[in-house]
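**Q** The structure is given below, and queries will be raised subsequently.
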Amino acid sequence: MLGGGVFYGLEFLTRERPTIKEVEIEEEEAVIVPSAAQEEGEITLPAIRETPKDPGVRAAYELYKAGDPAGAAARLERTILDFPSRPDAHYLLGRIHFEQGRTESAVQSLESALRLDPNAPGAKELLLRARGDAGLKKNISLYFDFYYRGARKEEFAVARSRIANLLDQAYLRTFQKFFVKLEKGDRVQVHFYEARDFHASLRPDSWTGGLFDGKIRIPLGDYSQDEARVKATIFHEYAHAVIYRLSPRCPVWLNEGVAQALSDADASQSQARLKGRQSSFLSASRLKSSFKGLTAEQALLAYDMSFSMVERLRRQKGLVGIKKFLEELGSSGNFDVLFKKHFYQSYDRFYEDWKKEQH
């Protein structure tokens with residue numbers, strides 16, 4: 001349930017384009033936990049399907065969806081003791097360990113899942129990612145763990161110190177605006193890469209400056225640029241981590257729009273860029289899915305549309321109202337039904353009404 005797309009505002013990491021990707025993993029009914037890997041938001045983690053067969057795995061999955069990964073892991077460990085040949089139990093446990101930064105444990109669980117089912121959808125991809133993270137040194141702040149692969153230790157130390165301070169500020173700021181904070185023991189993993197390694201190992205779109213797949217992944221960049229710009233970018237990225245925890249299946253447009261609102265982006269600039277672009281607007285359905293594959297110009301348009309649409313929701317219900325919607329979406333998952341319940345019209349009608357306002 002990570003979201004996909006470009007984290008708008010990470011220009012300082014690469015070039016003057018939208019940058020970090022976010023995540024959206026959509027859940028669907030099935031009888032096993034893993035499903036095909038999602039391209040959503042460049043978050044390449046596979047989705048967990050809605051109805052695993054084993055009652056123990058299902059109970060663990062419900063705990064996981066409810067925001068209790070520790071409880072879910074404990075339930076899975078008990079299930080594995082009784083039913084050690086269940087690949088879905090090993091897979092889900094591996095995914096939880098991966099998201100918690102326990103990469104060695106994640107590798108062990110995912111290897112067990114693949115031994116039991118060599119064709120388990122998504123497990124090979126997640127195992128490769130976990131192996132890539134295993135053994136990295138973490139540098140801990142109040143709520144965040146930092147990892148680095150590369151030789152530029154001094155540059156990393158400077159970046160880590162600065163970004164850790166900004167992330168701690170983002171934590172407090174987001175709590176003030178959105179009333180969401182990390183639970184005890186819930187830590188955000190932040191991975192720095194050499195630029196060449198970032199592109200070679202993660203294979204993002206050429207215009208991408210970062211990825212979010214439950215962990216923040218960014219190339220080591222120049223942090224000596226404009227302080228306000230860097231701060232806005234880090235606040236934006238932390239917002240994605242918060243949204244992910246509220247609703248892993250959040251549609252990309254909503255994920256990106258809320259992240260921009262939480263990072264105090266300038267809505268007037270986005271609105272100005274939308275003028276005269278109606279013929280180029282992405283469709284309502286296209287905005288729900290990954291922005292992967294868009295050109296840089298299309299990506300910027302998608303982010304401007306997302307922000308403008310969220311601002312319309314914000315005027316109607318406020319950020320707290322949007323948060324309540326995301327919380328319920330995270331627990332029950334029917335976007336169209338819940339959107340109409342919270343905002344009093346269907347998503348498609350909302351989109352058409354918003355589009356008519358863009359003159």
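The values are calculated or read from the model by the stated rules, or taken from the named source; none is laboratory data. From a predicted model like this one, the values you see are computed outputs, not experimental measurements. Note that each Cβ is placed from the backbone with ideal geometry, even for glycine, and that neighbours are counted across all protein chains shown.
**Q** Please go through region 171-197 and give me each residue that is at pLDDT 85 or above, aromatic (Phe, Trp, Tyr) and under 26 Å from HIS97 (Cα atoms), ordered by number.
**A** Matches in region 171-197: TYR171, PHE175.
**Q** I'm trying to understand the selection: among the residues of region 77-92, which are among the hydrophobic types (A, V, I, L, M, F, W, C), modelled with pLDDT of 85 or more and surrounded by fewer than 23 Cβ atoms within 10 Å (Cβ to Cβ)?
**A** Within region 77-92, the first condition is being among the hydrophobic types (A, V, I, L, M, F, W, C), and the residues that meet it are 80-81, 83, 89, 92.
The next check asks that each one be modelled with pLDDT of 85 or more; those that pass are 80, 89, 92.
Residue satisfying the conditions is ILE80 alone.
**Q** Evaluate region 267-283: report whether one residue or more is basic (Lys, Arg) and buried (at least 19 other Cβ atoms within 10 Å of the Cβ).
**A** Keep residues of region 267-283 that are basic (Lys, Arg), which gives 273, 275, 277.
Filter once more, so that each one left must be buried (at least 19 other Cβ atoms within 10 Å of the Cβ): none.
Within region 267-283, not a single residue is basic (Lys, Arg) and buried (at least 19 other Cβ atoms within 10 Å of the Cβ).
**Q** Taking the options THR208, THR174, name whichever one is buried (at least 18 other Cβ atoms within 10 Å of the Cβ), β-branched (Val, Ile, Thr) and part of a loop (DSSP other than H, G, I, E, B). Show your work before the answer.
**A** Working: THR174 fails: part of a loop (DSSP other than H, G, I, E, B).
Just a single option satisfies the conditions, and that option is THR208.
**Q** Identify all residues within region 315-359 that are in a helix (DSSP H, G or I) and hydroxyl-bearing (Ser, Thr, Tyr); write none if there are none. Walk me through how you get there before you give the answer.
**A** So in region 315-359, the residues in a helix (DSSP H, G or I) come out as 315-332, 335-343, 347-356.
Across region 315-359, the qualifying residues are SER331, SER332, TYR347, TYR351.
**Q** Here's a follow-up. Just the residues that are farther than 25 Å from ASP68 by Cα and not aliphatic (A, V, I, L, M), please, taken from region 313-338.
**A** ARG314, ARG315, GLN316, LYS317, GLY318, ASP336
**Q** Further question: Please specify each residue of region 57-76 satisfying the condition of being surrounded by fewer than 21 Cβ atoms within 10 Å (Cβ to Cβ) and more than 22 Å from ARG129 (Cβ to Cβ).
**A** ARG58, ALA59, GLU62, LEU63, ALA66, GLY67, ASP68, GLY71, ALA74
**Q** What number of residues within region 175-186 are in contact with a Ser or Thr (Cβ under 9 Å, 6 or more places away or on another chain) and in contact (Cβ under 8 Å) with a residue 12 or more places away in the chain?
**A** In the first step, residues of region 175-186 are kept if they are in contact with a Ser or Thr (Cβ under 9 Å, 6 or more places away or on another chain); the result is 180-181.
Filter once more, so that each one left must be in contact (Cβ under 8 Å) with a residue 12 or more places away in the chain: 180.
Of the residues in region 175-186, 1 are in contact with a Ser or Thr (Cβ under 9 Å, 6 or more places away or on another chain) and in contact (Cβ under 8 Å) with a residue 12 or more places away in the chain.
**Q** Determine if region 285-292 includes at least one residue that is touching a Ser or Thr at 6+ places or on another chain (Cβ under 7 Å) and closer than 26 Å to ASP186 by Cβ.
**A** Filtering region 285-292 down to residues touching a Ser or Thr at 6+ places or on another chain (Cβ under 7 Å) leaves 287.
Those left that are additionally closer than 26 Å to ASP186 by Cβ: none.
Checking region 285-292: not a single residue is touching a Ser or Thr at 6+ places or on another chain (Cβ under 7 Å) and closer than 26 Å to ASP186 by Cβ.
**Q** What pairs come up if the first residue lies in region 93-114 and is over 11 Å from LEU127 (Cα atoms) and buried (at least 21 other Cβ atoms within 10 Å of the Cβ), the second is modelled with pLDDT of 85 or more and among the polar types (S, T, N, Q), and their beta carbons are under 7 Å apart, counting only those six or more places apart or on different chains?
**A** Hits for this filter: LEU93/SER109; HIS97/SER109.
**Q** Which residue pairs have Cβ atoms closer than 6 Å, lie 6 or more positions apart in sequence or on different chains, and pair a first residue in region 290-312 that is assigned to a helix (DSSP H, G or I) with a second residue that is surrounded by fewer than 21 Cβ atoms within 10 Å (Cβ to Cβ) and aromatic (Phe, Trp, Tyr)?
**A** ALA296/TRP207; MET309/TRP354; ARG312/TRP354
**Q** Looking only at region 291-346, filter to residues that are acidic (Asp, Glu) and over 29 Å from LYS275 (Cβ atoms); which one of those is surrounded by the fewest Cβ atoms within 10 Å (Cβ to Cβ)? Spell out how you get there, then give the answer.
**A** The initial filter retains those residues of region 291-346 that are acidic (Asp, Glu), namely 297, 304, 311, 327-328, 336.
Next, from what is left, pick out any that are over 29 Å from LYS275 (Cβ atoms): 327-328, 336.
Details: GLU327: 14, GLU328: 17, ASP336: 10.
Per the stated criteria, the residue is ASP336.
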